[in-house]
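One structure is given below, encoded as structure tokens.
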Amino acid sequence: MFDAIHHVAIIGSDYQRSRHFYVDQLGFTVVGEHQRAAKGDWKLDLACGDLQLELFIKPTAPERPSYPEACGLRHLAFKVASVKETVAALKERGIECEPVRTDDYTGEPMTFFFDPDGLPLEIHE
């Protein structure tokens, strides 16, 4: 019935901070950028390989209700060739990661880092 995941939508609170993080620090490509005055937000469409992220930036959005176990999106995971090398590259860009650990089920290395609004982002081999 479904071919693939088309996109993931994330709500952020600060346009410049989120754009800098996802575009300048993580290297996502901007596909579209729209200020939606009637809704009081920005919509920033980004590409990462075949995946698209929709960032809805709304300064009045409520904070995440609990960490990280709120209902809804738990985290977003990115497949990488080397967790160790990716952690080093993120650190060079000023992004701190949790210590690398082994996934209990796959046996592969993985870790987390966080977007400007505290959304957990995972890197996994």
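No value in this document is a laboratory result; all are computed from the given coordinates. Owing to the predicted nature of the structure, the values given are computational and were not obtained by experimental measurement. Cβ atoms come from the backbone with ideal geometry, glycine included; neighbour counts cover every protein chain shown.
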Taking the alpha-carbon distance from Lys58 and a cut-off under 26 Å, which lysines remain once sequence neighbours fewer than 8 residues away in the same chain are dropped?
Lys39, Lys43
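Taking the inverse of the average 1/r across all pairs of different Cα atoms in segment 74-125, what Kirkwood radius in Å do you get?
Result for segment 74-125 stands at 11.1 Å.
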Straight-line reach check, Lys79, cutoff 14 Å on alpha carbons, 8 or more apart in-chain or any other chain, hits among aspartates and glutamates -> Asp50, Asp103, Glu108, Glu122, Glu125
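Going by C-beta contacts inside 10 Å, put Thr111, Thr102 in order with the fewest on the left.
Values: Thr111 18, Thr102 10.
Exposure proxy ranking, most exposed first: Thr102, Thr111.
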By the gyration tensor of its Cα atoms, with a ≥ b ≥ c the square roots of the eigenvalues, what is the shape of segment 7-80: rounded for a/c under 1.5, prolate for a/b over b/c, or oblate?
oblate
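Going by how many other beta carbons lie within 10 Å of each one, how would you line up Val83, Val100, fewest first? Intermediate values should be presented prior to the final figure.
Values: Val83 19, Val100 15.
Fewest to most other Cβ atoms nearby, the residues stand as Val100, Val83.
Listing Tyr15, Tyr105 from the residue with the fewest other Cβ atoms within 10 Å to the one with the most, what is the order? Present the calculation step by step, with values, prior to reporting the outcome.
Working: Tyr15 17, Tyr105 6.
Placing the least packed residue first, the sequence is Tyr105, Tyr15.
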